[in-house]
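First up is the structure itself, then whatever we jot down about it.
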Amino acid sequence: MPRAGKDTMRYDNKTIANRSVLLDGDQFIGCRFNGCVVQYAGGVIPLLRECKFDNRCVWQFIGAADLTIKFLRIIYNDSGDSNIADQIIKVIKHPIGSKPDTLPGTPMSGFSGRN
């Protein structure tokens, strides 16, 4: 599969088996993943619509995505406030573009990191 930064590829109703698949930036519609190493590197968000992943697939978060997972683990395990983890799960459960996109009531809401 193509790497992030290249043209978007679209895969319709394909069976992808026994290979590594980098999802970044590509579109997968109605695809079946069998025994794959499914990777996301934190690049352009892929489209995964009506896809099926068998129980042999292994998910790997690499690059920026791996750093985000590690940061979330720190928040969950070391913050001393399990409420933050609960709020993050609520954000994850909402479809992209719907509210809430930020964590209400936390100092991080709306924080851009810029002065």
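Observations
- Within region 58-76, being part of a helix (DSSP H, G or I) and modelled with pLDDT of 85 or more holds for 63, 64, 65, 66, 67, 68, 69, 70, 71, 72, 73, 74.
- Every residue from region 4-20 that is surrounded by 15 or more Cβ atoms within 10 Å (Cβ to Cβ) and under 23 Å from residue 68 (Cα atoms): 4
- Of all residue pairs spaced 6 or more apart or on separate chains, those with beta-carbon atoms under 8 Å, a first member in region 8-20 that is part of a strand (DSSP E or B) and a second member that is acidic (Asp, Glu) and surrounded by 12 or more Cβ atoms within 10 Å (Cβ to Cβ) are 10/26; 11/26.
- Selection of region 21-74 for residues being in contact (Cβ under 8 Å) with a residue 24 or more places away in the chain, more than 20 Å from residue 7 (Cβ to Cβ) and surrounded by 14 or more Cβ atoms within 10 Å (Cβ to Cβ) yields 33, 57, 65, 66.
- Restricting attention to region 21-49, the residues that are part of a loop (DSSP other than H, G, I, E, B) and within 16 Å of the chain's Cα centre (by Cα) total 10.
The values are calculated or read from the model by the stated rules, or taken from the named source; none is laboratory data. These figures come from a predicted structure and were not determined experimentally. All Cβ positions, glycine included, derive from the backbone under ideal geometry; neighbour counts span all protein chains shown.
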